[in-house]
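The structure under discussion appears below in the form of structure tokens.
The values are calculated or read from the model by the stated rules, or taken from the named source; none is laboratory data. Please read all numbers here as calculations on a predicted model, not as lab measurements. Methodologically, a virtual Cβ is constructed for each residue, glycine included, from the backbone with ideal geometry; neighbour enumeration extends over all protein chains shown.
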Amino acid sequence: MKDGAIVRVPLIAGNWKMFKTATEAEETTSQLIRLVSDVENVEIMIAPPFTALSIVAGLTKDSRVDLGAQNLHWAKEGAFTGEISAAMLVSAGCKYVIVGHSERRQYFGETDHTVNQKIHAASLSGLVPILCVGETEMQRDEKKTFSVLDKQIENGLEGLTFDALHPLVVAYEPVWAIGTGKSATPDQVQEVHLYLRNLIEKMFGNILAKATRILYGGSVKPDNVSELMALPDVDGALVGGASLQADSFSKIIHF
Ligand code: 13P
């Protein structure tokens with residue numbers, strides 16, 4: 001995607017959620033690496049569960065595929081049973097970390113405040129944060145989409161600077177489109193992505209707004225990815241279900 005002098009290389013990211021043992025992850029990753037060896041000018045990321053990071057890191061090290069994590073804790077280290085720090089993710093080979101996915105907000109009590117702490121921790125350690133935002137069906141019906149997004153972006157990025165957020169990835173994932181087979185329409189997606197880019201411009205200026213990749217997530221499949229990727233403010237996709245099989249994820253990557 002081209003916007004003035006700044007070129008945003010598309011990013012197609014797979015969020016494997018709580019799927020795949022290490023052995024299953026190893027098999028899918030090996031297949032995927034073979035299937036995408038011809039891909040140029042697209043960045044590819046997979047975020048397996050923590051228990052598969054190490055095996056996937058070994059496989060992806062010299063490949064076209066980058067590694068991401070699905071979550072992190074904001075503290076450097078400490079007595080936080082069950083949590084994983086940014087430094088641990090970096091040492092496991094991660095380049096990206098997904099922050100504030102709606103499933104974490106919905107089921108694990110994440111708030112804009114904890115999301116903000118996590119973005120600070122990620123950027124301090126050199127991880128590229130993928131900040132997830134999006135409205136529920138009820139919020140859309142009540143015409144609250146843009147006020148919800150304002151709050152998620154403004155609070156989620158509070159206290160951060162241009163330098164800390166360069167690079168930044170934002171994922172617009174309307175909650176009603178996740179895992180439902182009901183993707184947002186191209187018009188809805190473009191309207192929100194442009195809104196988000198303008199909001200980032202207001203907060204951090206034109207350069208960061210143009211450099212930030214805004215991904216769409218929510219029922220992205222091989223048969224709807226190309227119309228989504230053709231939209232001017234869509235710079236990639238965050239894919240759940242269709243990233244679990246190497247062949248369907250590869251088709252999406254070959255949009
Ligand atoms: P689906 O692609 O399964 O709708 O999931 C989207 C998602 O939540 C990616 O983070």
**Request:** Working only within the stretch 161-175, note down all residues that are of a type outside the set (Asp, Glu) and either in a helix (DSSP H, G or I) or touching a residue at least 60 places away in the same chain (Cβ under 8 Å) (or both).
**Result:** 169, 171, 175
**Prompt:** Out of the residues in the stretch 152-192 that are over 22 Å from residue 70 (Cα atoms) and touching a strand residue (DSSP E or B) at 6+ places or on another chain (Cβ under 9 Å), which is nearest to the ligand (Cβ to nearest atom)?
**Reply:** 184
**Asked** Got a number for residues in the stretch 134-160 being of a type in the set (S, T, N, Q), surrounded by fewer than 20 Cβ atoms within 10 Å (Cβ to Cβ) and assigned to a helix (DSSP H, G or I)?
**Response** 4
**Message:** Condition check: exposed (fewer than 15 other Cβ atoms within 10 Å of the Cβ), away from the ligand (no atom under 16 Å from the Cβ) and closer than 30 Å to residue 210 by Cβ. Does residue 9 satisfy that?
**Reply:** yes
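Can you confirm whether residue 242 is part of a helix (DSSP H, G or I), of a type in the set (Gly, Ala, Ser) and either farther than 23 Å from residue 140 by Cα or away from the ligand (no atom under 12 Å from the Cβ) (or both)?
yes
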**Per-region count, the stretch 46-77, residues assigned to a loop (DSSP other than H, G, I, E, B) and closer than 17 Å to residue 120 by Cα** = 7
**Item:** Residue check, residue 234 in contact with a strand residue (DSSP E or B) (Cβ under 9 Å, 6 or more places away or on another chain), assigned to a loop (DSSP other than H, G, I, E, B), modelled with pLDDT of 95 or more and within 13 Å of the ligand (Cβ to nearest atom)
**Value:** no
**Item:** Extreme residue, farthest from residue 90 (Cα to Cα), among residues of the stretch 102-120 that are in a helix (DSSP H, G or I) and without any contact (Cβ under 8 Å) to a residue 24 or more places away in the chain
**Value:** 107
**Prompt:** Residues in the stretch 219-231 that are within 9 Å of the ligand (Cβ to nearest atom) and either at pLDDT below 95 or within 17 Å of residue 45 (Cβ to Cβ) (or both): how many?
**Reply:** 1
**Request:** For residue 182, work out the one condition from (1) within 16 Å of the chain's Cα centre (by Cα); (2) modelled with pLDDT under 95 it doesn't fulfil.
**Result:** (1)
**Asked** Would you pick out the residues in the stretch 12-41 that are away from the ligand (no atom under 16 Å from the Cβ), over 17 Å from residue 54 (Cα atoms) and surrounded by 17 or more Cβ atoms within 10 Å (Cβ to Cβ)?
**Response** 36
**Message:** If I ask for residues that are buried (at least 20 other Cβ atoms within 10 Å of the Cβ) and over 12 Å from residue 252 (Cα atoms), which ones from the stretch 210-240 would you list?
**Reply:** 212, 213, 214, 215, 216, 217, 218, 233, 234, 235
**Prompt:** Hey, any hits in the stretch 121-133 for a residue that's assigned to a loop (DSSP other than H, G, I, E, B), within 16 Å of the ligand (Cβ to nearest atom) and surrounded by fewer than 18 Cβ atoms within 10 Å (Cβ to Cβ)?
**Reply:** no
**Message:** Return the residues of the stretch 15-45 that are assigned to a strand (DSSP E or B) and of a type in the set (Asp, Glu); say none if nothing qualifies.
**Reply:** 43
**Asked** So how many residues does the stretch 171-206 have that are among the hydrophobic types (A, V, I, L, M, F, W, C), in contact with a helix residue (DSSP H, G or I) (Cβ under 9 Å, 6 or more places away or on another chain) and more than 13 Å from residue 217 (Cα to Cα)?
**Response** 4
**Prompt:** Looking at this structure, is residue 47 under 30 Å from residue 161 (Cα atoms), crowded, with 16+ Cβ neighbours inside 10 Å and within 16 Å of the ligand (Cβ to nearest atom)?
**Reply:** yes
**Complete:** Selection over the stretch 161-194 where residues are surrounded by 14 or more Cβ atoms within 10 Å (Cβ to Cβ) and β-branched (Val, Ile, Thr) yields a count of 6
